[in-house]
Every structure is written in C-alpha cells, then in structure tokens.
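Here is the structure we will look at.
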Amino acid sequence: GSVAAAAGGGQGEGQLTAAKQDVLNLCTSAAVYLCKLRGPLCDKLASWGTVSKAVDFIRAALSKGMIGTSLVSAVRLLHVAATRRVNVEAVGLVANEFVSLLSQAITSGGKADASGAKPLHQDAAFMIEILLRVYTDALGDVNNPFAAAPAPAPAAQEDPFGMGGEGGAEGGVHDARTAPDPAMVALEKSKTAPGAPGSAHSRAALLTAVQVNGTLSFLVSDVLENSTANSVMDPASLKVHSVDLLKLLSKDPGFGDLFALTLDQLPAWKKYSTQDHSLFITGTQQTADYFLTDGGAKDRKLLTSGP
C-alpha cells in the first residue's frame, strides 16, 4: 500500500513532508541503519567504492555551498564506514583528500570574520568524531607500543677520511656530548619506526596527511579556540573528540614524538592537554548518531548556508 501511495505521487509526497525529511535524508538514514545492523554489509562500502565517492561528494557539496543535507549525507556515510577496518584502509587510499576536505567541512559554517576565522559547521563535532574513529582504528594499540617490532637501528656513520679516534672536529667524528636536534630525531623516527600492534596498512598515509594538512594546529586554533565552538550541536563532544584525537596522534610510536613537538609549540594547547574532558559527555552521547533520532530538523536539511 505504501509503495503504491509513493508511486501515486501525492500521498507519498505528503508523508515525506509530514516527516519533515527529504528523500536524500531518508535514504541516507536507511543506509546508515543497515550498516549499523549488518557489519558484513558495511564492509562492502570499501569494495563498492562508496568511501572514495563520499569524499568526492564532500568536495562537490563544498564547492557549491551545499552544506546541509548534501554535505551531511556524505559525512554520515563516512561516520558509519569508519567503524570497520576495511573501510579505514579504503580511507587511507584517499587520505590527503579525506583530511583536507573534512577539515574544510568542519569550518564551513559561514563566512570568515575580520580575523579570517571561519565559523564551525553545526555538525562539526560529528565530523571530528569521524577523524577520531578512523585514527583510533588505524593507529592500533598505541597504549602498548612496545609489542611492535623495534625500529631498525640507523647505520653507523663511517669516517670518510679514515681518521677515527677520540672524537672532535679534526677526527671527522661528531662529539657524542652534542645533543641531537629533537626535531630531526623525531622526523627520522616518523620515517623508520613501525606502528603499534594492530595498526592498519593505511596508518602511514593517514598520519602523513595529518602532517601535510597541519591538522594539529587546525584542531587547536580553528576548532577548540573557535569563537563559535559553543554554538554547534553537542559542543561538549566537539571538545572531547578534538582533545582525544590530538592525544591519540601524539601516542603513535613513529609519528607521536613529531606531533608532540608540534603541539608543544601551540600555546593554546597547554590548557587542554592536562584536562580530562571525558566527564563532559556520557557514553551514549559519544556513540549516538543523532541524525537517526532528530526527525530531520529543518535547519540541518538546508542546501545552502543562506541568511
């Protein structure tokens, strides 16, 4: 009966209007629900190319200023896809685009102010949770990094002049008492140290994308310090997910030291690094997909950011 009504046009359209949801929103909710219900089906998103297409849809939506249903539908697919390792590996194939475009989406809430700061999208917390999910899976057991294979020791530097000895400039040997540059050591470690146990094959690509896109500075300066942070949906989760992601990235056995040095150079980070923000949100809030329960609020389904 409902199929016939939908085919007939009037009654079906009336039902959609009564539900205050458009077809794209309903289809997205159905797909997300099925992926939550059937893990093996969710795994198919990678082989079907849905992950890379969702990233492409984000690019298209942003280019047209369609930051409502069009953008959020792609974001929701990535959110549920990030719960499965095979999909995280697929994200790694488009890692740079994924991080870059999702960052743009997070700060797509409107025009930049006089200082150049961009307001956050109302669903910024939900988007940052995607990053947290992807990197939590990709980095593996960062709390037990010593179970991973040790990094190969760097090759010894030979004296090109054959003038060994006790060290010093004349002998061509570096003075062992000279402390190496921490930044150079951390950079070398990021290139040679393996990931934690259980890390994904896409780990290096995803972490490199963080480095290339300046994600650490973005999360601190453009998200946590954003003047519109308290205006988004679930502002507490915005803060918790951002801080958790930054702390997670700094725990990676390879890239962690490099990221920690970067964070230490951000003065604003100090007020977040030592705080436990987990008490600000409940376990239910941390995992809830509010798009499945809010009935498709009209302010979330607008196609553009209009007045």
Would you mind calculating the relative contact order of the range 78-151 from Cα pairs under 8 angstrom and at least 6 residues apart, reporting the percent as a whole number?
33 percent
Suppose every K and R has +1 on its Cβ and every D and E has -1 on its Cβ; what is the size of the dipole of the range 19-84 about the Cα centre, in Debye to the nearest 20?
80 debye
Residue-wise, which Karplus ³J(HN,Hα) couplings in Hz belong to the range 128-137, taking 6.51 cos²θ - 1.76 cosθ + 1.60, θ = phi - 60°, and x for glycine or proline?
5, 5, 5, 4, 4, 5, 4, 6, 4, 6
In terms of the Cα gyration tensor, with a ≥ b ≥ c the square roots of its eigenvalues, is the range 38-131 rounded because a/c is under 1.5, prolate because a/b exceeds b/c, or oblate?
prolate
Its Cα gyration tensor gives the range 195-235 an equivalent ellipsoid whose semi-axes in whole Å, largest first, are 28, 13, 7
Checked against the positive end of the charge dipole of the range 218-272 (+1 on Cβ of Lys and Arg, -1 on Cβ of Asp and Glu, about the Cα centre), the farthest of 249, 237, 262 is 237
Given the peptides 109-118, 198-207, arrange them by the average over their residues of other C-beta atoms within 10 Å, most packed first.
198-207, 109-118
Starting at the first residue of the range 240-256, write each ³J(HN,Hα) from the Karplus equation 6.51 cos²θ - 1.76 cosθ + 1.60 with θ = phi - 60°, in whole Hz, x for Gly and Pro.
4, 5, 5, 5, 4, 5, 5, 5, 4, 4, 6, 9, 4, x, x, 8, x
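Explain nothing, just the number: dipole magnitude of the range 78-144 about its Cα centre with +1 on each Lys and Arg Cβ and -1 on each Asp and Glu Cβ, in debye rounded to the nearest 20.
Details: 5 positive and 7 negative charges, 22 e Å.
Here the range 78-144 has a charge dipole of around 100 debye.
No lab work stands behind these numbers, since they all come straight from the coordinates. Note that the structure is predicted; figures quoted are calculated from it, not measured. Note: ideal-geometry Cβ built from the backbone for every residue, glycine included; neighbour counts use all protein chains shown.
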